[in-house]
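Notes for the one structure printed next.
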Amino acid sequence: QVQLLESGGGLVQAGGSLRLSCVASGRTKFTINDMEWYRQAPGKQREKVAGITSGGSANYVDSVKGRFTISRDNAKNTVYLQMNSLKPGDTAVYYCAADYFEWTDTIVAARGWGQGTLVTVSS
């Protein structure tokens, strides 16, 4: 099973920036395909913020376009989310997700989730 570990959350003032990281690791051979960032604000449903394919094609939810940038380092099995011009409405727990293939006795396709990292934007 592939584990995902996020880091980089914290408290920032409106207008500030944060960079989230998420690294995938596992005991067996695996290949990461699409990687995504989601967020869940208190009392709201989880929403997809951004996604990136293994080839580097990115997509964003309209509310973060022009402010957030998703990128990845395939050699490090890591995805990043650079968040600029943060707003109080960006306050949420941010989760990364990854679709992957894992080679064990067979080839397993699965989706993994991180435990989340809290981003708080003060006004």
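Where a number appears in this text, it was derived from the coordinates with a stated rule and is not lab data. These figures come from a predicted structure and were not determined experimentally. Cβ atoms come from the backbone with ideal geometry, glycine included; neighbour counts cover every protein chain shown.
Under a cut-off of 19 Å between alpha-carbon atoms, report the aspartates and glutamates in cross-link reach of K87, not counting same-chain residues fewer than 8 places apart. By straight Cα distance, K87 reaches E47, D62. Could you tell me the relative contact order of the chain? Use alpha-carbon pairs under 8 Å, at least six residues apart, and round to a whole percent. Computed value for the chain: 36 percent relative contact order.
Bridgeable lysines around K29 (alpha carbons under 30 Å apart, same-chain partners fewer than 8 residues away excluded): K48, K76. R0 = 22 Å: FRET efficiency of K44 with K65, Cβ-based, nearest 0.05? That pair, K44 with K65, gives E of 0.70.
Amide H contacts of T91 (H built 1.01 Å from N, in plane; Pro and chain starts excluded): V121 sit under 5 Å, all sequence-distant by 5 or more or on other chains. With R₀ fixed at 35 Å, the C-beta to C-beta distance from S122 to S25 puts the FRET efficiency at about 0.60.
Global dimensions of the chain from alpha-carbon coordinates: Rg and Dmax equal 14.6, 52 Å.
A simple rule links phi to the HN-Hα coupling: the Karplus curve 6.51 cos²θ - 1.76 cosθ + 1.60 with θ = phi - 60°, which for segment 56-72 gives x, 6, 10, 9, 9, 6, 4, 5, 10, 4, x, 10, 10, 9, 9, 8, 8 Hz, with x for Gly and Pro. Beta-bridge orientation, the chain: approximately 90 percent antiparallel, per DSSP, counting only bridges with both partners inside. In order along segment 77-93, the Karplus-derived 3J(HN,Hα) couplings, from 6.51 cos²θ - 1.76 cosθ + 1.60 at θ = phi - 60°, round to 6, 10, 10, 10, 9, 8, 10, 10, 6, 5, 10, x, x, 7, 4, 4, 8 Hz, and Gly and Pro are given as x.
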